[in-house]
Amino acid sequence: MMRNVGGGPLGVLGFDTLGRTGTAVVGDWDGDGIPDAAVVGNFTTNDGELIVLHGVPGGFATPVDVPGSLGPGGVAVAVADLDGNGVPDLVEGSLVTAGPLVLFHGDGLGGFHAAGTIALGAGVRDLIAADLNGDGLIDFAAAGSDLMANVTVALGTGPSSIGPTATYPVGAILSSIAIGDLNGDGAADLAAASESPSVAVSLWVGTGNGMFTPGGTLASGGPPSFVGGVAIGDLDGNHSGDIVATTKTGIAVFRKTLHGFDPPTILPISPSGAISAVAVGDVNGDGALDIVASDLLGSTVNVFPGAGDGSFGSKQAHAAVTTPSKVRLVDLDADGRLDALTASKQLGVSHGVLAPPSGVAPFGVGTPGCLGAEGILTTTSPQIGSASFGFTSTNAPANATGMLFIGKTADVAGSDSLGLGVILHVDPLAPSRFFSVPIHADGGGTAFQALPIPNVPALAGTTFYAQAVFQWPAHAPCLPSPGALSSSRGLAFTFSP
């Protein structure tokens, strides 16, 4: 685990995974507000037994096997609320051709029990559980495991059930899959990364009803990736999804414009590396997406800070646990900064020290969401006249618009003052000043809202309080509160001259 990768010195923490080396997913399995993890093996070591690690302050507890998991052959895991009871469940996918998806229902206390299988009709190397057609039900998209693989899509028809599957041919060895909105129409699109003959990404454009049409292929022209990772994010702020894919030695960035995808920009990492996975997220809290990639052979996690216009700063290489594979970005300690989680023989947490801006102080816990407690922080110190001032909130629902509450009166202990089933740390009923503005989360669940500070000297020394509130969608992996609302911690900020 690499705890904040946005800058500063790093220390590496490793947590036992009983030898699992593949994919990790994150959620709050026991509802305590601290993110937990589930880890499964990979197709190289074939050590596919599913385990969970419960989050504790500062890291993770001793891993626990999930009874009934696939064992050898299990390579992929996803999190979803399969039975609609508001509790996170897990889905494990098998490398074995035509192997089923194995379902595990959560008990809300951190435990899981086997709950049957779903016949997907194909083996998988990567698996996504999401609502692909907007009906509120859980659907599945899988990267196939055979040599001339397909992307397989199965639409949900009810709790823990699917209809007929659809296959989309790629004709190459697949390694990973991503979903996002490539053209700004609000429908989910798919990107599948293949390893040969060169790094290539096959695109499938969603029609909004769960069906997909061919969207072309992107190739970097570089050597094939050792594993092959792909991610989607709006890197330049034009409201269209850009593609980020691993090559063997670096990252290929394909920007989406009005005329299609530009030729790739190559971000080198290591000439002798094996870049195994990539993710996008705002790790330094400036409102722009950054790129985070793991180097399997170099045992590093590498950050390219984004400028928000599609360009990136110099690589920042950070030590990681040995042979990191998949990388996930999540705020593990609700400090308002994303941390990087890598799966290897250990669950890697490389802990960074990126100090919060001066003049701000978080407090309270709010109402945790499906990823645990939600952090909140400012982009810069609250200095009078700052044009770059704004707020970020972490662990929010992906692609959701919430509300940012700002007021003069704090509720330090927190209360449900509006009767909505959510804890508020900013008192909206106080006679002092209170206002709210929308705040939008990206595909990874990090929200940002710019709020430039006017050049009014009289504000100096004045303290305000802020908090973000979000509503989770019907297909969310949990139900945070009766109204599906969650809230971040509170944040005090004092204006300085």
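The values are calculated or read from the model by the stated rules, or taken from the named source; none is laboratory data. Computed from a prediction, not measured in an experiment: that's the story for all the values here. Heads up, the Cβs are rebuilt from the backbone with ideal geometry, glycines too, and the neighbour counts pull from every protein chain shown. Ligands, DNA and RNA are excluded from the accessible area calculation, which covers all protein heavy atoms including side chains. Shrake-Rupley method; radii C 1.70, N 1.55, O 1.52, S 1.80 Å.
Of the listed requirements (1) crowded, with 24+ Cβ neighbours inside 10 Å; (2) among the aliphatic types (A, V, I, L, M); (3) in a loop (DSSP other than H, G, I, E, B), residue 288 misses just one: (1). Is it the case that residue 433 is of a type in the set (Lys, Arg), open to solvent by 50 Å² or more (accessible area, probe 1.4 Å) and in contact (Cβ under 8 Å) with a residue 40 or more places away in the chain? So residue 433 fails the test.
Within segment 399-422, the residues that satisfy the criterion of being assigned to a strand (DSSP E or B) and farther than 28 Å from residue 132 by Cβ are 404, 405, 406, 407, 410, 411, 412, 413, 414, 415. When 175, 194, 160 are checked against the criterion of being at pLDDT below 90 and within 30 Å of residue 85 (Cβ to Cβ), 160 stands alone in meeting it. Looking across segment 53-111 at every residue that is among the charged types (D, E, K, R) and assigned to a loop (DSSP other than H, G, I, E, B), the one that is least open to solvent (accessible area, probe 1.4 Å) is identified as 81. Condition test on residue 458, is it open to solvent by less than 30 Å² (accessible area, probe 1.4 Å), not in a strand (DSSP E or B) and not β-branched (Val, Ile, Thr)? No: the conditions fail for residue 458. Residues of segment 306-343 that are at pLDDT 85 or above, in a loop (DSSP other than H, G, I, E, B) and buried (at least 22 other Cβ atoms within 10 Å of the Cβ): 331, 332, 334, 336, 337, 338. Filtered by the rule that a residue be surrounded by 24 or more Cβ atoms within 10 Å (Cβ to Cβ), hydroxyl-bearing (Ser, Thr, Tyr) and outside any strand (DSSP E or B), segment 359-398 gives a lone residue, 394.
Scanning segment 124-154 for residues that are surrounded by fewer than 21 Cβ atoms within 10 Å (Cβ to Cβ) and in contact with a Leu (Cβ under 7 Å, 6 or more places away or on another chain) gives 131, 133. Is it true that residue 275 is open to solvent by less than 20 Å² (accessible area, probe 1.4 Å), farther than 29 Å from residue 136 by Cβ and of a type in the set (Val, Ile, Thr)? Yes; evaluated as a whole, the condition is true for this residue. You will find that of 210, 298, the residue that is small (Gly, Ala, Ser), in contact (Cβ under 8 Å) with a residue 24 or more places away in the chain and either in contact with a His (Cβ under 9 Å, 6 or more places away or on another chain) or open to solvent by less than 30 Å² (accessible area, probe 1.4 Å) (or both) is 210 and no other. Of everything listed in (1) under 20 Å from residue 462 (Cα atoms); (2) more than 21 Å from the chain's Cα centre (by Cα); (3) crowded, with 16+ Cβ neighbours inside 10 Å, the single unmet condition for residue 422 is (1). Restricted to segment 15-52, and to residues there that are modelled with pLDDT of 65 or more and of a type in the set (Gly, Ala, Ser), the residue that is most open to solvent (accessible area, probe 1.4 Å) is 31.
Within segment 241-256, the set of residues being part of a loop (DSSP other than H, G, I, E, B) and open to solvent by 20 Å² or more (accessible area, probe 1.4 Å) comprises 248, 249, 255. For segment 257-274, taking the residues that are out of contact with any Gly (no Cβ under 6 Å at 6 or more places or on another chain) and of a type in the set (A, V, I, L, M, F, W, C), the one that is nearest to residue 204 (Cα to Cα) is identified as 261. Out of curiosity, is residue 496 free of Cβ contacts under 8 Å to residues at least 40 places away in the same chain, on the phi < 0 side of the Ramachandran plot and either under 21 Å from the mean Cα position of the chain (by Cα) or open to solvent by less than 60 Å² (accessible area, probe 1.4 Å) (or both)? No: the conditions fail for residue 496.
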